[in-house]
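Written out below as structure tokens is the structure these notes cover.
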Amino acid sequence: MGDTRALEAIKGAILLEHRGRNLYQHFVRTVRNDAVRDIFETMVAEERHHLDILGEHFKSLMKDGTLANIPLDAKPVDAADEVVSKNISQKISAASDEASAISAAMALEQNAVDFYSKSAHSAQSDTERELFNWLANWEKTHLQLLAEIDRELTEQVWGDNSFWPLY
């Protein structure tokens, strides 16, 4: 698996994870809502974990021409219901910095899901396909969590302004 395509995919994944971690670290420092900050702190840790794994694969590709033999964690837990039950949307407004952070994070996560899904589809080995599907699943979980919060915020704005779209 020492081909340049696999190496470029790993490099692209490392770049995505760095961007995500850096964005989420910025949000940890700037958002005021504790529950939203907690979400981003968790996401920083998860992106750091992904970077560690991708770094090992990169080193192995450079040294041996193959991906490392690293066991991957179980599927991420869907925490959307738990987070939404904290009534985050009641504590922040849809026009707030937190809502903007959630929107930006959703775009980044969608980009990651697309990249990882495409990389899994073009993978040349089971190990490579498993790695990129694993990453895509993590990012899908992040995206679903953020989308649920965003949906709650949108409904809050509609309710606050007595505006509900006609069906």
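The values are calculated or read from the model by the stated rules, or taken from the named source; none is laboratory data. All of these numbers come straight from a predicted model, not from anything done at the bench. Backbone-built Cβ (ideal geometry, glycine too); neighbour counts: all protein chains shown. What goes into the accessible areas is simple: the full protein's heavy atoms, side chains included, and nothing from ligands, DNA or RNA. Shrake-Rupley method; radii C 1.70, N 1.55, O 1.52, S 1.80 Å.
Observations on the structure shown:
- Looking only at residues in the range 28-44 that are out of contact with any Asp or Glu (no Cβ under 8 Å at 6 or more places or on another chain) and either among the hydrophobic types (A, V, I, L, M, F, W, C) or not in a helix (DSSP H, G or I) (or both), the one that is farthest from LEU131 (Cα to Cα) is ALA35.
- Of the residues making up the range 101-117, those that are under 16 Å from TYR24 (Cβ atoms), modelled with pLDDT of 90 or more and surrounded by 23 or more Cβ atoms within 10 Å (Cβ to Cβ) are ALA105, GLU109, ALA112.
- Residue that is least open to solvent (accessible area, probe 1.4 Å) [pool: residues in the range 23-40 that are within 20 Å of ALA112 (Cβ to Cβ) and of a type in the set (A, V, I, L, M)]: VAL36
- Among (1) within 20 Å of GLU148 (Cα to Cα); (2) modelled with pLDDT of 90 or more; (3) of a type in the set (A, V, I, L, M), the one test that ALA80 misses: (2)
- Selection of the range 47-74 for residues being assigned to a helix (DSSP H, G or I) and open to solvent by 90 Å² or more (accessible area, probe 1.4 Å) yields ARG48, ASP52, LYS59, MET62, LYS63, ASP64.
- Matching residues, the range 1-27, being small (Gly, Ala, Ser) and within 18 Å of ALA123 (Cα to Cα): GLY2, ALA6, ALA9, GLY12, ALA13
- Taken together, the criteria exclude GLU98 from residues that are closer than 19 Å to LYS140 by Cα and either in a helix (DSSP H, G or I) or at pLDDT below 80 (or both).
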